[in-house]
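Novice: The structure that follows is given in the form of structure tokens.
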Amino acid sequence: MNFLGLWARGMTSRPGRRAMDSIAITAPTDASRSGAGSVQYQLRQYAESTLGKSSLHEAVLLPEGESLDEWVACHIVDFYNHINMLFMSISHHCTDDTCPKMCAGESYSYLWRDGVNYREPTNLPANQYVKLLMKWIDEQLDDTRLFPVDLGHPFPPNFRPDVASQILRRMLRVYAHLYWHHYPQICQVGLATMLNTSFTHFTLFVTKYKMVSDTELQVVKDVIKILA
């Protein structure tokens, strides 16, 4: 049963028993982007403090005087970490047998292509798709031509419309897969609130800055309405 089915039955999430240190999480390898004292770290601290004090609608607003490119980059790193942890927490339920393709329900299927090892759109089991996606995003984050770490080094002109937008569109597919196929397991490990908060933050952010089209958000339109 997916998220919508559980919601219709009025099921609430229960605290999970799994210790968080038992979950394998792959963090971005470039520590300079998120280290204390960096612009990204300060923006992240600002975002986290905003989340704790006011609404998610306010949390996506660009701080006065800050670069929108930096704000987008900061959120990409955060969403990456959220998705990584959420997926790894249920990864033993997402196998080649249970999820032989990357999909969200019966109407949406996603093929993998990276232009290097997979030059043509390729059908893969969901767990392999997500693993390759996380590796691909990690490589993007480590590329200082795309995500500069030094002050005075600008983001590329196509950062938001091409680089960031593509990353966020692909991230959406993982959220969609989790809601459609693994929401009961997310509840069992006690991460339903985290998933719902992270996803709401994600959708508010990508719609505010027009990073993901309404057409692509159709796959999770019912979830968005419920969480609104």
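Novice: Roughly how many Å² is the accessible area per residue of the range 119-202, as a whole number, for a 1.4 Å probe?
Specialist: 43
Novice: Where the accessible area of the range 154-228 is counted over protein heavy atoms with a 1.4 Å probe, how much of it, in %, is carbon and sulfur?
Specialist: Ligands and nucleic acids excluded, carbon and sulfur give 52 percent.
Novice: What whole-number distance in Å separates the alpha-carbon centres of the range 189-217 and the range 119-144?
Specialist: Comparing the Cα centres of the range 189-217 and the range 119-144, I get a distance of 20 Å.
Novice: Mind listing which trypsin sites (Lys or Arg not before Pro) in the range 117-146 are in a DSSP loop and have 15 or fewer other Cβ atoms within 10 Å?
Specialist: ARG119, ARG145
Novice: If each of HIS93 and ASP142 carries a label point 7 Å out from its Cα toward its Cβ, how far apart are those two points in nm?
Specialist: So the label points at HIS93 and ASP142 sit 3.1 nm apart.
Novice: Next question, about the same structure. Given charges of +1 on the Cβ of Lys and Arg and -1 on the Cβ of Asp and Glu, with all other atoms neutral, how large is the dipole of the range 86-199 about its Cα centre, in debye to the nearest 20?
Specialist: Dipole of the range 86-199, to the nearest 20 debye: 200 debye.
Novice: At LYS225 and TYR118, where each label point lies 7 Å from the Cα along Cα→Cβ, what is the point-to-point distance in nanometres?
Specialist: Computed distance between label sites LYS225 and TYR118 equals 3.1 nm.
Novice: Restricting to lysine pairs 8 or more places apart or on different chains, what number in the range 76-228 have Cα atoms under 18 Å apart?
Specialist: Value for the range 76-228: 4.
Novice: Ordering THR203, THR122, THR197 from largest to smallest accessible area (1.4 angstrom probe), what's the sequence?
Specialist: Solvent-accessible surface, decreasing: THR197, THR122, THR203.
Novice: I've got another one for you. From the protein chains alone at 1.4 Å, what is the descending order of accessible area for TRP112, TRP180, TRP136, largest first? Mind showing how you got there, number by number?
Specialist: On the way: TRP112 0, TRP180 85, TRP136 30 Å².
From most exposed to least exposed: TRP180, TRP136, TRP112.
Novice: I've got another one for you. How many nm separate the modelled label positions at SER67 and LYS208, each set 7 Å beyond the Cα in the direction of the Cβ?
Specialist: In this crude label model, SER67 to LYS208 measures out at 1.9 nm.
Novice: Are there GluC sites (Glu not before Pro) in the range 57-159 that DSSP marks as loop and that have at most 15 other Cβ atoms within 10 Å, and which are they? List each step's numbers first, then the result.
Specialist: Working: sites: GLU58, GLU64, GLU66, GLU70, GLU106, GLU139; in loops: GLU64, GLU66, GLU106.
When the GluC sites (Glu not before Pro) of the range 57-159 are filtered for loop state and at most 15 Cβ neighbours within 10 Å, GLU64, GLU66, GLU106 remain.
The values are calculated or read from the model by the stated rules, or taken from the named source; none is laboratory data. Nothing here was measured: the structure is a model prediction, and the numbers come from that model. Glycine gets a Cβ as well: all are built from the backbone with ideal geometry, and neighbour counts include every protein chain shown. Heads up: the accessible areas ignore ligands, DNA and RNA and are worked out on the full protein's heavy atoms, side chains in. Shrake-Rupley method; radii C 1.70, N 1.55, O 1.52, S 1.80 Å.
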